Amino acid sequence: AFSFLQVQTEDSVLLFVVAWTITEIIRYSFYTFSLLNHLPYLIKWARYTLFIILYPMGVSGELLTIYAALPFVRQSGLYSISLPNKYNFSFDYYTFLILVMISYIPIFPQLYFHMLHQRRKVL
């Protein structure tokens, strides 16, 4: 049987957690040094360069983790609301997750190319 614990131990979780962690360390270092009016070029470079690897790495980890969770969500009915109920409302979390995954198709390139544009402008 598939369990939520299996999803939490997927390698994909490690993939996005590492990407997010490095990204946040760089981002908050950038903000801190900027506030102190002493921004080392290395921090600035890291902020506008490492996303080239970290952003696809994080997105891949997120998508693979959602994909790994789909069987558990479908089997358990996690966060889903079915009819009938007093609000006459239904929500299928499994379908929602699939829609979230599909939404990465138009959103990821837009955000990625925006960051590339910012990189060209700043560096």
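Going by the structure shown, is Phe108 at pLDDT 95 or above and not in a helix (DSSP H, G or I)? Judged against the criteria, Phe108 is not a match. Residues being more than 17 Å from the chain's Cα centre (by Cα) and without any contact (Cβ under 8 Å) to a residue 24 or more places away in the chain are represented in region 95-108 by at least one member.
Can you confirm whether Ser60 is in contact with a helix residue (DSSP H, G or I) (Cβ under 7 Å, 6 or more places away or on another chain), under 19 Å from Leu97 (Cα atoms) and small (Gly, Ala, Ser)? Lay out the reasoning, then the answer.
On the way: in contact with a helix residue (DSSP H, G or I) (Cβ under 7 Å, 6 or more places away or on another chain): yes; under 19 Å from Leu97 (Cα atoms): yes; small (Gly, Ala, Ser): yes.
For Ser60, the condition - in contact with a helix residue (DSSP H, G or I) (Cβ under 7 Å, 6 or more places away or on another chain), under 19 Å from Leu97 (Cα atoms) and small (Gly, Ala, Ser) - is met.
Residue pairs whose Cβ atoms lie under 6 Å apart, sitting 6 or more positions apart in sequence or on different chains, and linking a residue in region 34-63 that is free of Cβ contacts under 8 Å to residues at least 12 places away in the same chain to a partner that is in a helix (DSSP H, G or I) and open to solvent by 30 Å² or more (accessible area, probe 1.4 Å), are Leu39/Phe33.
Which helices (runs of 4 or more DSSP H) sit wholly inside region 1-103 and have at least 2 residues that are open to solvent by less than 40 Å² (accessible area, probe 1.4 Å)? I'd like the intermediate steps shown before the answer.
Values: elements: 4-8, 11-35, 41-49, 51-76.
Answer list for region 1-103: 11-35, 41-49, 51-76.
The values are calculated or read from the model by the stated rules, or taken from the named source; none is laboratory data. It should be emphasised that the depicted structure is a prediction, and the values quoted were computed from it without experimental measurement. Heads up, the Cβs are rebuilt from the backbone with ideal geometry, glycines too, and the neighbour counts pull from every protein chain shown. Note: areas computed on protein heavy atoms with side chains; ligands, DNA, RNA excluded. Shrake-Rupley method; radii C 1.70, N 1.55, O 1.52, S 1.80 Å.
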